[in-house]
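Following: one structure in structure tokens, then a few remarks.
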Amino acid sequence: MQSYETLLAAQDGDFEWPLLDERQALILCYMSGTTGNPKGALYSHRSTTLHAYAAALPDAMGASSSDAILPVVPMFHVNA
């Protein structure tokens, strides 16, 4: 076992963030494809960020910090 604090203390704290294209692939979700071969849905960094922003808007879902949300989606949508 390693101590989390020991692991962090061994690092210098400087991290060079990579420059990524916002349209670069972020997530690839495969679906079972009941009509033949499995199918994949590819999400980009941009689309994922924009969807998160849109879902957080008060007029989009009407949710606030005092609400609890349970997303219920088919099993192949693991990024619900």
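The numbers here are math on the coordinates, done by the rules we state, and not lab data. Here the structure is a predicted model, which means the values were calculated and not measured. Backbone-built Cβ (ideal geometry, glycine too); neighbour counts: all protein chains shown.
Results, tabulated for the structure shown:
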read-out: Charge tally in the Cβ shell below 12 Å around residue 49, where Lys, Arg are +1 and Asp, Glu are -1, residue 49 excluded; value: +1
read-out: Under 5 Å, built H, 5+ apart or other chain: amide partners of residue 27; value: 43
read-out: Rel. contact order, % - alpha carbon contacts under 8 angstrom, at least six apart, the chain; value: 24 percent
read-out: Förster radius 22 Å - calculated FRET efficiency between residue 43 and residue 63, Cβ distance, rounded to 0.05; value: 0.50
read-out: Shape parameters for the chain, alpha-carbon atoms, Rg then Dmax in Å; value: 18.7, 52
read-out: The stretch 1-63: chymotrypsin sites (Phe, Trp or Tyr not before Pro) in DSSP coil with no more than 11 other Cβ atoms inside 10 Å; value: 15
